[in-house]
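Single-structure report; data block below.
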There are 2 protein chains.
Amino acid sequence: MKVNRPAVLIMGAGAVGSLYGGMLQRAGARVSALCRSDYELARSKGLKVKSIWGDLLFRPDQVYRLAAEVSTAPDYLVVAYKVLPEIDRAELIRGAVGTQTSIVLLQNGVEIEAPVAAAYPANEIISALAFVCCNRVGPGEFRHLDYGRLSIGVYPRGISEKVRLLRDLFERVGVPVILHEDIVSARWEKLVWNAPFNPISVLGGGVTTTDILASPPAIFLVEAVMREVCAIAAAAGSPLPETVIGDMLEDTRKMKSYKTSMLLDWEAGRSMEVEAILGNAVRAAARTGVAAPHLRSLFALLSLLDRYKPGKVGTKVD
Amino acid sequence: MKVNRPAVLIMGAGAVGSLYGGMLQRAGARVSALCRSDYELARSKGLKVKSIWGDLLFRPDQVYRLAAEVSTAPDYLVVAYKVLPEIDRAELIRGAVGTQTSIVLLQNGVEIEAPVAAAYPANEIISALAFVCCNRVGPGEFRHLDYGRLSIGVYPRGISEKVRLLRDLFERVGVPVILHEDIVSARWEKLVWNAPFNPISVLGGGVTTTDILASPPAIFLVEAVMREVCAIAAAAGSPLPETVIGDMLEDTRKMKSYKTSMLLDWEAGRSMEVEAILGNAVRAAARTGVAAPHLRSLFALLSLLDRYKPGKVGTKVD
């Protein structure tokens, strides 16, 4: 690859994909994109991101509908889809992955890398976490409201030259990047916060972090879920520092009142990545023999909420 | 009291109070009522209940606003309020309780009798559970849609002459009554069903019993909560038969798709009796040293849902 102008393909140019794709373009990379709903707009006018980093017009070098249309494999293939059971990521990128392509999973959740790594055993898998508040506001239009830091490392562990080069590109245009030798543990650590606050904010009726921390039974539940996630992480090979729970609670108490990203997804009628964020953790608990009753309760309720819509039915006496 | 025409005072002539008050009147009892919102209507036109037992016009002998207005203490004082933390039942009935008055608690939940029993140590406390689907549809108008069986016994245990007489009155007009030597255990047994299905139906997004039983993680949660309630009941002195969980699940699978009463309350914007139905069970678990993580999770989430309303706030990256 040309070291200063690597070729990047963004798979799934939604809010996150368009923001980071646009920033990589700003940094000088040659950036193409694959998108479905915004395909025509991406070709004709480009994708607009109103960003705290300065507004972007992301005009991909090439716009594709399908990976099979990609003629030259990119240096970095950035997977920016949501992690949903109905999306087979390994299949979707087939045809666009070359022998030298690093596959960057810019996605939420824990234990989301294995299926892709298994399908592309000869390729470098880069695992990336975005701490960002960025949403779709209309066709081909997105809004980056706050934050934007990336945590990046090689899966299952390590930091490679291509990870550093990616970091350098982002830092050239002011995107904060933290490199992780152990990105798997970084995902578990993020889950310590997400596993309680995301579901409770939705299941509690659309409540903020402040509402949650004002309710003694809810605080009890937050702490119980955090302890369970730490236990699962440790059993799965990612022991986290003992201070993580206290630190996160203290940080959350200091924040102003916020809605979680899962609550924003729920309110906007978007999928909530229940499986990637909670389901994978519940399955890791079962695999490693860790009891996680509070986490499983949240998972069961969110699964219902994500799948069923209220209908007209009879009434039950009880 | 005149054995065939006992004096009954209904405290809280809402849906349940008006239905059973009206049926007792139909049975020949002298029935008065205390009500607040429907006071004028109850005096002028009476309270209407469209019932599967035949439509009722409940015209109380006397209508009161306050217990202090009651000049002659009744033989039965039926407390038909919801059990909510903001309602001090012992205070509300003060002034209407005579030395011979039996206090009938026709209310949901577990461990709801003790505060009233403590305030009136010389009076008989009758504990009654209604398995009924009955709702308010407008000012002074109610609808009795289904069921209606009563479970009745003396608190803390036993069956008295006045309990039998009450049963006889109800049976005279076709209201099914089951007498319980151990009404406290009957309340715990009802909770085995209510504790999982009521909260899950609400927290799962307004789902029916059929929806719940179609989701493996939700079935897991239902069974886990049922086991916890049985453990708490046993520790609190009410061991339930081992078959209760299997039987209830089988019965629920056979039922047509139903909405729980708590879901109907939630959808109608009514209070959900979270404290009486779940809070008292959680406190009993803490008192008796029983771990009840799934029940506590549901309690924490319902507490949030019951107290907070969504507001306009910031957004959180996570």
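Here are the numbers for this structure:
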item: Which numbered condition A:GLU181 misses (of (1) within 7 Å of chain B (Cβ to nearest Cβ); (2) in a loop (DSSP other than H, G, I, E, B); (3) modelled with pLDDT of 95 or more); result: (1)
item: Candidate set from region B:140-156 (those that are of a type in the set (A, V, I, L, M) and within 14 Å of another protein chain (Cβ to nearest Cβ)); member that is surrounded by the fewest Cβ atoms within 10 Å (Cβ to Cβ); result: B:LEU145
item: Number of the condition not met by B:ILE10 [criteria: (1) over 16 Å from B:VAL78 (Cα atoms); (2) in contact with a Pro (Cβ under 8 Å, 6 or more places away or on another chain)]; result: (1)
item: Within region B:202-299, helices (runs of 4 or more DSSP H) holding 2 or more residues that are facing chain A (nearest Cβ under 9 Å), open to solvent by less than 10 Å² (accessible area, probe 1.4 Å) and more than 29 Å from B:TYR155 (Cα to Cα); result: B:209-213, B:216-235
item: Region A:114-139, residues that are surrounded by 22 or more Cβ atoms within 10 Å (Cβ to Cβ), more than 14 Å from chain B (Cβ to nearest Cβ) and touching a residue at least 60 places away in the same chain (Cβ under 8 Å); result: A:SER127
item: Check on B:ILE178, in contact with a strand residue (DSSP E or B) (Cβ under 8 Å, 6 or more places away or on another chain), surrounded by fewer than 16 Cβ atoms within 10 Å (Cβ to Cβ) and among the hydrophobic types (A, V, I, L, M, F, W, C); result: yes
item: Neighbours by Cβ (under 7 Å, 6+ apart or cross-chain): first from region A:227-248, under 11 Å from A:SER185 (Cβ atoms); second open to solvent by 50 Å² or more (accessible area, probe 1.4 Å) and not in a loop (DSSP other than H, G, I, E, B); result: A:LEU240/A:GLU189; A:VAL244/A:GLU189
item: Boolean, B:GLY174 is in contact (Cβ under 8 Å) with a residue 12 or more places away in the chain and in contact with a Pro (Cβ under 6 Å, 6 or more places away or on another chain); result: no
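The values are calculated or read from the model by the stated rules, or taken from the named source; none is laboratory data. On a predicted model such as this, the values are computed, not experimentally measured, just so you know. A quick note on method: Cβ atoms are made from the backbone with ideal geometry, for glycine too, and the neighbour counts reach across all protein chains shown. Just the protein is used for accessible areas: all its heavy atoms, side chains included, with ligands, DNA and RNA removed. Shrake-Rupley method; radii C 1.70, N 1.55, O 1.52, S 1.80 Å.
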